[in-house]
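Novice: One structure, as C-alpha cells, below. Some questions next.
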Amino acid sequence: MFLTILLFAAFCTTTLESIQTLSTNEINRMSCDIGLYGLAVMGQNFALNMASHGFTVAVCNRSPSKVDTTVQRAKDEGDLPLIGTKSPEEFISKLSKPRKVVILVQAGKPVDLTIEAISEFMEEGDVIIDGGNEWFPNQIRRHEELEKKGIMFIGMGISGGEEGARNGPSLMPGGPRKAYDLIEPIIMKCAAKAGDPEEPCTGYCGPIGAGNYVKMVHNGIEYGDMQLIGEVYDILKNIVGMGNDEMATLFEDWNSGDLESYLIEITAKILARKDDLTDDGYVVDKILDKTGMKGTGRWTVQEAAEQSVAAPLIAASLDSRYISGRKEERVAASKVLQGPSNEMPQVDKDQILSDLQQALYCAKVTSYAQGMGIIQAASDKNEWDVDLSLCAKMWRGGCIIRASLLSKITAAFEKNKDLQNLLVDETFAEEINARQMAWRRVVSLGVASGIATPALSAALSYFDQYRRDRLPANLIQAQRDFFGGHTYNRVDRDGTFHCLWDETHKDIGDLTGRTAGEL
Ligand code: 6PG
C-alpha cells in the first residue's frame, strides 16, 4: 500500500509543470501530447513554442539533420520536453492517443506525401493538422480522403512568420469540431494573446476549408496594407521630399495613434536602417523595386471574383506587384512615357502629413470591409458560419496584419453579427465621413503629380460607389439590352423589359423566363 502511494505521488509530480525537469531518457519513454512533422524554420519554432508551454512534442522531418538541430535547440532553450524521431513510424509511435500531428511542410504535393507517410501508422480518431498556406479546396479533398479512414483533418492558417511561430502566432483552424476540441487546449496556450483582458488569437473558424480561407483573406488584406503603406511612402518621398530618417520618425509617431500596427512599426524600422554592405545610405534605397510573392493574395482576388464580391483595393495591390515585376519594361517605358509637366502642385507639409494619416486609416478600414465581405460570401455559400468578429479578434495579435484597429472591427461585428459592410458600422461610418476630404486630397495630389496611388484610389472609388444609392449601371443595362437583348428591370414597376432601341433592333419576342442576368 505504502509503495502504491509512493508510486502515485511520483506519477503526480510528472505533470506538465514539472516536465521540463525530466531527463532526456525519461522524455523519450513518454507518450507525447502532440507531434510536429516538417522542421523548416516555421516548424522548428512552432514545435519549440508548444514545448515551452509544457506540452511534450515529438518531431520528425524528411531529412533527419533538422531533427537533430531541433532537439539541440530544445536543449539550449531550457531543456524543453521535445524528442526527435527519425521515421514516420517511430514518430507516430511516440504519440499518446488520440494522436495529434501538426504538419508544417511546403503546401501542395509535399503535404499529400507527408499525410500518406504518417497516416499509414495512425488510426481512427487521430487528428492531422496542416499548418501551411494551402489552397482551401485541397484541404477539403484531404479531409474527404482521411475521413474514409476515420482520421480527422484540420486546415489551420498560421500567421506571424518565424518569430510568431516561436512566441505566439495567430492560429486559424477549420475542420471537424470534434478534432478542434482535441487541439483547443494546446492552441489556446500557444497562440499570441491580445486584448484587455488578454485572449488567445485563435478560435474555431468553421468546417474544413474555413480556416485556410480566413488565412487566405488575411494575406489579401496583408497585400493591401503593404501596398497602402508603399503608396504613402512614395508620396512622402517623391512629393513631400522627405528623407528616410524623417519618414521613419513619422511612421513611428503614427504607430502610437490609430494606425498602430505591426506593418507600420516595421516600416519605421526598415526606413531607418542604414546599409551594411556599403558605407553610404539606407538599405531600403538599395533594394530592387520588384515585389515577390507566393500567391495567397492572388487566391484572394480570384475568390473575390468567384464570390461576386468587389475587392478593388486588394486587386490593386496584386496588380501593383505584377507591374513592379516588369522592371525592365518599366525602365524602357520611363524613357518614352511622360508624367505631368514639371509643375508639381504646391503642398503644405503639415497638411499633407495629416491628410496621409487620415487617408491611410480610411483605406485600411475599406480594405477590411472588402476582406470581410469575401469571407462572409464564402461562408454563406459553403455554410461555414464563420464568425467575422472572431476573425478580427484572432488577427489582433501574432499575425502580420495585427493592428489596434482590429479591436474596433471586432466590436463592430460583435455588436451586429449581420453587419452588411464594415463601412456602415456607426463608428466607422462617422470616422470615414469625417476624414474623407483628407483622403480625396491625397488621391488628387497623387493624380496631379503623376504618383500612382492605386490602392488608395481604388478604396476611395469603392467608398464612393458603395455610398451612392444610384450608380450609372442603368446605362450599362441599357447598352446590354441594346446590343444583346439582355433585358432590364425598371425602377418604377416589376417585370422584365426590352426596348426596340432603333429601327434595326429586333423584337426578341416573349420575355417570359428571360432575366437581365445574374451577378
Ligand atoms: C503570415 C504571412 C506569411 C507569408 C506570406 C507572404 O501571415 O505570416 O502572410 O504567410 O509571409 O505568405 O506572402 P507573399 O510571398 O505572397 O507576399
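Novice: Please state the equivalent ellipsoid semi-axes for the chain: what are the square roots of 5 times the Cα gyration tensor eigenvalues, largest first, in whole Å? Mind showing how you got there, number by number?
Specialist: Working: eigenvalues 448, 198, 89 Å².
Whole-Å semi-axes of the equivalent ellipsoid: 47, 31, 21.
Novice: Follow-up question, since we're still on this one. For the chain, give the magnitude of the charge dipole about the Cα centre (Cβ charges: +1 Lys/Arg, -1 Asp/Glu; no others), in debye to the nearest 20. Please report the intermediate quantities before stating the final value.
Specialist: Working: 54 positive and 73 negative charges, 151 e Å.
Using only the charged Cβ atoms, the result is roughly 720 debye.
Novice: Debye sum, Cα scatterers, region 174-282, no solvent: what log₁₀ I/I(0) at q = 0.10, 0.12, 0.19, 0.22 1/Å?
Specialist: At q = 0.10, 0.12, 0.19, 0.22 Å⁻¹ the computed log10 ratios are -0.48, -0.64, -1.02, -1.18.
Novice: Skip the ligands, DNA and RNA, and give the accessible area per residue of the chain with a 1.4 Å probe, whole Å².
Specialist: 49
Novice: Here's another thing I want to ask about it. Project the alpha carbons of region 256-369 onto their principal axes and report the range along each, largest first, in whole Å.
Specialist: Taking the Cα atoms of region 256-369, the three principal extents are 49, 39, 37 Å.
Novice: For the chain, what does -39500 (n - 2.57) per DSSP helix run (n ≥ 4), summed and divided by total residues, give at 222 nm, in deg cm²/dmol to the nearest 500?
Specialist: After summing the helix terms and dividing by residue count, I get -17000 deg cm²/dmol.
Novice: Another question, then. Taking 0.36 nm per residue of separation and subtracting the Cα-Cα distance, what length does fully extending V283 through E147 add?
Specialist: Difference between extended and current length: 43.9 nm.
Novice: Also: Enumerate the amide H contacts of I103 below 5 Å, restricted to partners 5 or more residues apart or on another chain; note that Pro and chain-start residues carry no placed amide H.
Specialist: For I103, whose amide H was placed from the backbone, the distant partners under 5 Å are Y37, I129, D130, G131.
Novice: Listed highest first by mean packing, meaning other Cβ atoms within 10 Å per residue, what order do 127-137, 324-334 come in?
Specialist: Highest mean packing first, the order is 127-137, 324-334.
Novice: D234 to A478: extension gain in nm, 0.36 nm per residue of separation minus the Cα-Cα distance?
Specialist: 83.7 nm
Novice: Taking the dipole about the Cα centre of the chain, with the C-beta of Lys and Arg at +1 and of Asp and Glu at -1, give me whichever of T410, F136, Y322 is farthest to the positive side.
Specialist: F136
Novice: How far apart, in nm, are the 7 Å Cα→Cβ label points at K335 and S308?
Specialist: Distance between label points: 4.9 nm.
Novice: Here is a follow-up. What order, most packed first, do the peptides 153-160, 223-230, 315-322, 423-430 have when packing is the mean number of other Cβ atoms within 10 Å of each residue?
Specialist: Sorting 153-160, 223-230, 315-322, 423-430 by mean packing, highest first, produces 153-160, 223-230, 315-322, 423-430.
Novice: Another question, then. So for region 82-143, Kirkwood radius off the Cα pairs, Stokes-Einstein at 25 °C and 0.890 mPa s: how many µm² s⁻¹?
Specialist: Translational D for this selection: 200 µm²/s.
Novice: Tell me, what % of the accessible area of the chain is carbon and sulfur with a 1.4 angstrom probe?
Specialist: Looking at the chain in its full context, I get 52 percent from C and S.
Novice: Can you give the Rg and Dmax of region 31-162 based on its C-alpha atoms, in angstrom?
Specialist: 13.7, 42
Novice: Another question, if that's okay. Relative contact order for region 439-504: what percent, with Cα pairs under 8 Å and sequence separation of 6 or more?
Specialist: Relative contact order of region 439-504: 17 percent.
Novice: Run down the aspartates and glutamates and flag those whose C-alpha is under 16 Å from the C-alpha of K100, throwing out any fewer than 8 positions away in its chain.
Specialist: Output for K100: D33, E89, E90, E116, E120, E123, E124, D126, D130, E147, D181, E184.
Novice: Net charge within 15 Å of K286 by Cβ-Cβ distance, Lys/Arg positive one each and Asp/Glu negative one each, not counting K286 itself?
Specialist: -1
Novice: Right, here's the next one. Take each of the peptides 243-255, 385-397, average the number of other beta-carbon atoms within 10 Å over its residues, and list them starting from the highest. Intermediate results must be reported in sequence, preceding the final value.
Specialist: Details: 243-255: 17.5, 385-397: 23.4.
Per-residue mean Cβ counts within 10 Å order the peptides as 385-397, 243-255.
Novice: With each label point set 7 Å from Cα along the Cα-Cβ vector, what nm distance links E77 and Q106?
Specialist: 2.4
Novice: Related question: Using the Kirkwood radius over C-alpha pairs as Rh, can you work out the diffusion coefficient of region 271-329 via Stokes-Einstein at 10 °C, viscosity 1.306 mPa s, in µm² per second?
Specialist: 116
Novice: Let me ask something additional. Once the piece of chain linking D510 and N421 is laid out straight, how much longer is it, given 0.36 nm per residue of separation minus the C-alpha distance between them?
Specialist: 28.2 nm
Novice: Right, something else. For region 206-315, what is the relative contact order in percent, using Cα pairs closer than 8 Å and at least 6 residues apart in sequence? Intermediate values should be presented prior to the final figure.
Specialist: Working: 80 pairs, mean separation 32.0, N = 110.
Relative contact order here is 29 percent.
Novice: How many percent of DSSP beta bridges within the chain run antiparallel, rounded to 5?
Specialist: 30
Novice: While we're looking at this one, here's another question. With an 8 Å cut-off on Cα pairs and a minimum separation of 6 or more residues, tell me the relative contact order of the chain in percent.
Specialist: 12
The values are calculated or read from the model by the stated rules, or taken from the named source; none is laboratory data. Not measured: the values here are computed from a predicted model. Note: ideal-geometry Cβ built from the backbone for every residue, glycine included; neighbour counts use all protein chains shown. Surface accessibility is based on the protein's heavy atoms, side chains included, excluding ligands, DNA and RNA. Shrake-Rupley method; radii C 1.70, N 1.55, O 1.52, S 1.80 Å.
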